[in-house]
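Input: a single structure, listed below in structure tokens.
No value in this document is a laboratory result; all are computed from the given coordinates. A quick note: this is a predicted structure, and the numbers were derived from the prediction, not measured. Cβ: placed from backbone, ideal geometry, glycine included. Neighbour counts: every protein chain shown.
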Amino acid sequence: MTVDTRSVLLHLGLIALLIVLGLVLPTYHQGNLARILVLATYAIGFNVLFGYTGLLSLGHAMFFAAGMYGCGLAMHLGGWPVLSALGAGIIAAAVLSLIVALLALRTIGVAFMIVTLMFAQAFFLTALYLGEWTGGDEGFVIAQASRQIAGFALTDPLTRFFAALAVFSVALLITARMMHLPFGRVLIGVRENEERTRMLGYDTFRHKLLAVIISGTISGGAGAAYAVLFGYVGATFASVQYSIFPLLWVLLGGMGTTIGPLIGVAFMFYLIDYASGLTNAYLLIVGAALVLLTLFARAGIVGEIRKRWVPWLP
Amino acid sequence: MSKLPKTSRRSLIKSVGAGALLASSPLVGRFASAQSGAPIKIGFQQHSTGIGAAYGRWYGRTTEAAVKAINDAGGINGRPVEIVAEDDGTDPKRGAEVVEKFANQHNCDVAFGTLFSHVVIGSAPSAGEQKIPYFVVSEGHHVASGGLNRYTLQPGITDVKSQVQAMAPYVADNLGKKVTMIFPDFAFGHDHRDFFTAAIEAQGGEVLEHIAVPPSETSFTKYFPKIPRDTEVLYHVMVGPAVLTFVKELGEFFGPSSPAIFGFIDSLEAVDLASPGLEFLEGTYFWEGNPRYAQADQTSHDKNFRAAVGVDENGASVSDPKDVSTYAHMFGCWETLHIIKAGMEASGYQGPADRQKLIEAVEAMTDMPESDAHPQGPKVFNGKTHQVFGVQYISRVENGRLVKVHTTSIEDTLYPDETDYTTQSF
Amino acid sequence: MSLLLETKGLTRIYGGLRAVDGVDYTLAKGEIHALIGPNGAGKSTFVGMVSGRIPASEGEVWFEGQNITALPAHTRIRQGMAYTFQITAIYARLSLFDNVALALGRQDRTDVLGALDRVGLADRAMQTAGDLAYGHQRLLEIAMGVAQAPRLLILDEPTQGLAESEIEGFNTLIRSLAGDTTILLIEHNMQVVMALADEITVLDAGKILARGTPQDIHANADVQNAYLGTG
Amino acid sequence: MDFGPHLLLAILEGAVGAAVLALTALGLSLVFGVMRVVNVAHGEFFMLGAVVAWFIASPIAGHPAIGFVAALALAPLVAGAIAVVVDRFVLKEVEYDPEATIVGTIGVLYIIQQSALMIYGPEARPVEPPFNHRIALPWFEWGETGLEFYYPWGLSTTSYKLFVIVAAIGILLAFWVIMSRTRLGLIMRATQLDRETALAFGIPVQRVYSIVFGFGAALAALAAVLIVPIQQAHYLMGHDPLLLSFIVVIIGGLGSVRGTVVAALLIGMSDGIISVFLSPTLSKILATLLVALVLVFRPQGLYGKKMA
């Protein structure tokens, strides 16, 4: 079996497993998994830039939130139907990521981190400043009745689950495929040694530009999906911590792995959910878990598995 | 501990038994039936961590006290009440997840207790989808504005729009008509800005300047020079951990020559008035949702409420006089739980299948006279807007204590309906 | 013979220091040309400007009759240059296969293995490049240059760190490329230079000191004094 | 208020913020410069300084200055000691790998924050300043009789705020002396320049790292003790200082003390001064974008060398 076939089987198998889980899990965990899938889509978007291209953005919340506001405002103020609103959210995120990329890619390393952080902070403050439309920190609710596609209510747990799975699968398959194409290999080349890659005749700036746009657009798609599926849009999602989350998820799951983002989000989600049932001091447990992970599984969960047992993992 | 320390199981059953013996309601008969031993589970969405934690702690203590009082009096429909507390981290995303957890994992009958508006708004869609009644204690205008859904109600605390507009007549008549407002530059502050500006203009006054302070600001003096010199009344409201800095710097800015100062107690909620630097507040005015200091005309209801929650006559914890409560807001938890009890008893609530009946029963409520269940004062509930309206208090700082100088009427707090949730299907 | 490469007054100034100073240089198609000179003579800076890695302060670079001075490095590479680094610059965490595939621009198994085979590394294709011995890393670097099938191959000290036997293989490889590929070679090892070069240019202090056949250079008194005399 | 006095007030207020920010950022810059790691928990050491100051000062009776001085001496030691423990048991174990350090220190951040919430509680509590007098400031104007001066309404500061500015300048000078004139400073600079060579010269790099990490945390804690009589101690207060010092360090240029101080002044004052002209939130937005654009067009920071 070639690496390619194994990789295809892995991803299709994962999606099949998720379908089964969606059908058999109890309501509570089905709902959780729907959330996890949307957030994992966000993490996948982040991973394109951080895990594969080696660019650490600390401002990805602005892309997630751009998708969320683009979609949410189109429905809330414009009365658009779900699919066009999703499109609006995705386009909003794509445009924003193009602008941010053109400016931020003039910098590298820590300066890139700070520039993205500052743009995201400006975005967050702008969302508050335009409270008349965005509802500021309180945000707004997207009317339950409008959250449906062709008669399928997205508020129905099962429908919502499969909608979330569809969003996740698209992002997963796009990135998995991309990383097999020359374009994706060049991104890895940029991550490993940008100067070398340039001297092999690749326009590394253009590749990085596209990586930011793809990454930002997938993140924005996740934000738009979150708005539609869970019915709430608010500035919290544009705050700094929502830029830090995907970094944490990806590092936990394994940077530069296709399924790491999902594993990272699921691990973190259930760690918080479970620990908060035990004690109010659950952040202590989360903190300890993060420290232990750095000490004993530095490549992240999937990364360690790849390192120790399954070297072909994409 | 996630689940609040409760009365132990044994004492709970004892007290429920006593309640059953004493109670004359025919519903108590159900106590003997097979299912009756099961407690009524109320999911308490608590701000245990995050920016709301100082409020969350007192909301927790009040809730605990109210549940004890309800259980001591025989529970609800003869069944004991159990609180299932989950931390929402004062985060709207986690808030929504917690509501789902209440509905699907803990099998709670209702969800309750949220304060911060963004968590309420973030969680309300989940409550609507899970069809679980969601009783918030937030004072936000979000419920009455019609932005939420039929499952979300605010029967225990008056909303900010009412609070603010009820202040305008007193301010205009007694303090001055040229007002400058300082408020946080996010939704809560914008509510103050919009509603008070309209209300003071209706009284023939005007707002000279709106000074919006950016969120998470920790230093404020630099914004004060925007206060016009001819300001007669300075209206301030601030929230968050930096409130004490805000008020202190306000005093340092004005020095000996300040205009009349009227503030919302939010600016000093959970803060000791005796903190150094607050001396200048002597003689200034505050809105209070519920007077922090026991007043000369204290009702027996307020006395009982303080005793039950463990608050002394200065509004601080009986065990630590420096631990000042969120007295202006936390009564809402107490009153809301009593309304849940009243609603469940009126609707003969048995289990989740009766949730719609519960909501209809609460929607049918109107007058809520001052009582041990409503220690803050009398209220009127509007079933269409799912919002309660109650009297508001204005206090003046005298000798370092807040002394009540004015009680508004309920009429002062009313405004035309902006929505009718009863027309929404369940 | 027609010219492949020409520079006119090519200059690079680093903070007042003229590292390369007005170099006029031509390279004919199909030639193996060696660039020699003492350390700090400006050899790497010169080829850096030719390949576009380092922007020129003054002067022009012409490639196949076109002025490419304004073109960015990756475009020059696309037009038929290849550049191997003086300090090994392979992708240490990727496999040899991936290294060469990136150089090729496609994941064609036959072509990748073919390129690796030319340096004798085909059997190690799935190894992680960073795990190779230093000499093998140099060979991989050369394989990556060769895999691009360039018209101009710039090799910056390719034999540094290679064992005697590997140098022999390297010489063979370069000779097999000659004709189709023009080769510009910076080299310290005079045996390699004498064995491979059709022509030699000597740089000293940023300027061309001498140019000629290996025999001419060997006989040149200036070069003897400035450079060869020391070794 | 008139334009001139308003601007003066904005500058004075900005100077207090900038002074504290400069100290906090210097701690981060030192760690960043010498150890090449990002300490995400840096803000929590700031918070620890304030919280510990409250624990030390509040039970001490008598003049508030006694408690304050005790806090000034002890709180940085406590924060520094905790930082050394973190260095030994986390950072050293991951061999200062940049990514692992980020995740590890995020974990430390949660642990410290949650511990503070459990032990100290969610309230914001004040520490009494050793002295605090309102000082009305005069303003000059050309009038009919030449230079006139008067006291504009509201133009004032406090003696304690002025003390914070002076104290911060003193600490910065002391820091500069330590770094440039002492053996410890020399060792730190040598380690910063080249870890391998430092090792070769027999410098105990591991010990230097521990000292640097502890020293950086202590600087943050010291800054917090200075500010806590003005702003209260709260368990979430570390968030903004972390972000701001991070920004200051990058804008100033890695490893440049001068750059860090200049950037702290720039960041600490910009939104206050812009808000003289525009609405406060809008000025914050513009100040944020301004900082981002400074980096876009000068990626190495104000005083830094080009970063690789």
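Quick look at the numbers
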item	result
For chain C: rounded, prolate or oblate by the Cα gyration tensor [a/c cutoff 1.5]	prolate
Dimensions in Å of region D:162-308 - Rg and Dmax from alpha carbons	17.5, 57
Distance (nanometres) between label positions extended 7 Å along Cα→Cβ at C:Gln66 and D:Leu7	5.6 nm
Point-to-point label distance, A:Thr5-D:Trp176, nm (Cα→Cβ direction, 7 Å offset)	7.1 nm
Percent antiparallel among DSSP beta bridges (both partners in chain C, rounded to 5)	55 percent
Computed magnitude of the charge dipole of chain D (debye, nearest 20; Cβ of K, R +1, Cβ of D, E -1)	840 debye
3J(HN,Hα) from dihedral phi, region C:204-210, Karplus parametrisation 6.51/-1.76/1.60, rounded to Hz, x for glycine, proline	8, 6, x, 10, 6, 8, 7
Cα gyration tensor category, rounded, prolate or oblate, for region A:74-229 with a/c compared to 1.5	oblate
Burial order of peptide ranges C:211-222, D:119-130, D:41-52 (average beta-carbon count within 10 Å, highest first)	D:41-52, D:119-130, C:211-222
Relative packing of peptides D:106-117, C:14-25, B:342-353 - highest average C-beta neighbours within 10 Å first	D:106-117, B:342-353, C:14-25
Label-to-label distance, nm, for residues given as B:Lys178 and C:His218 (7 Å Cα→Cβ offset)	10.2 nm
Shielding score for C:103-109, defined as the mean number of other chain Cβ atoms within 10 Å	3
Listed residues D:Ala73, D:Ala217, D:Ala264, most fluctuating in chain D (Gaussian network, C-alpha, under 10 Å)	D:Ala73
DSSP bridge pairs, the protein assembly as shown: antiparallel proportion in percent, nearest 5	50 percent
Mean residue ellipticity (222 nm) of chain C, computed from DSSP H runs ≥ 4 via -39,500 (n - 2.57), nearest 500	-10000 deg cm²/dmol
Degrees separating the helix B:53-72 axis from the principal Cα axis of chain B, which is the longest one	40 degrees
Of D:Leu162, D:Ser115, D:Gly214, farthest towards positive along the dipole that unit charges on Lys, Arg, Asp, Glu beta carbons give region D:3-238	D:Gly214
P(r) tail fraction, the protein assembly as shown - alpha-carbon pairs more than 49 Å apart, %	39 percent
From phi via Karplus (6.51, -1.76, 1.60), per-residue ³J(HN,Hα) for region A:7-22 in Hz, x at Gly/Pro	5, 4, 4, 4, 6, 5, x, 4, 5, 4, 4, 5, 4, 4, 4, x
Residue of B:Asp302, B:Asp312, B:Asp367 that the Gaussian network model of chain B assigns the largest fluctuation, springs spanning Cα pairs under 10 Å	B:Asp367
Partners for B:Lys384 among lysines (Cα-Cα distance below 24 Å; same-chain residues under 8 apart left out)	B:Lys131, B:Lys161, B:Lys341, B:Lys357
Length released on extending from D:Gln206 to D:Phe149, taking residue separation times 0.36 nm less the Cα-Cα span	14.6 nm
Antiparallel DSSP beta bridges within chain B, as percent of all bridges there, nearest 5	35 percent
10 Å Cβ neighbours from other chains, averaged over peptide C:87-93	3
Computed FRET value (nearest 0.05) for B:Gln356 with B:Leu208, which takes r as the C-beta separation and R₀ as 51 Å	0.55
At R0 = 30 Å, FRET efficiency that the Cβ-Cβ distance of D:Ala65 and D:Met118 yields, to 0.05	0.50
Partner chain coverage, peptide B:186-195 - average Cβ within 10 angstrom	4
Cα pair distances exceeding 22 angstrom across region D:54-138, given as percent	48 percent
Calculated [θ] (222 nm, deg cm²/dmol) that DSSP helices of n ≥ 4 give over chain D, each run adding -39,500 (n - 2.57)	-23500 deg cm²/dmol
Cut-off under 5 Å, modelled amide H: who pairs with B:Val213 long-range	B:Phe183, B:Asp185
Ellipticity estimate at 222 nm from DSSP helix runs (n ≥ 4, -39,500 (n - 2.57)) divided over chain B, nearest 500	-10000 deg cm²/dmol
Protection proxy ranking of B:251-257, C:197-203 - average other beta-carbon atoms within 10 Å, highest first	C:197-203, B:251-257
GNM top mover of C:Thr45, C:Thr75, C:Thr110 - chain C, alpha-carbon springs below 10 Å	C:Thr110
Förster-model FRET efficiency, 25 Å R0, D:Glu196 and D:Arg258, C-beta, rounded to 0.05	0.40
Reciprocal mean inverse distance between Cα atoms of chain D - Kirkwood radius, Å	20.4 Å
Footprinting exposure proxy for D:Trp176, A:Trp312 (fewest neighbouring C-beta atoms within 10 Å first)	A:Trp312, D:Trp176
At least 15 Å along the helix axis (C-alpha) and Kyte average at least 0.0, DSSP helices within chain C	C:134-147
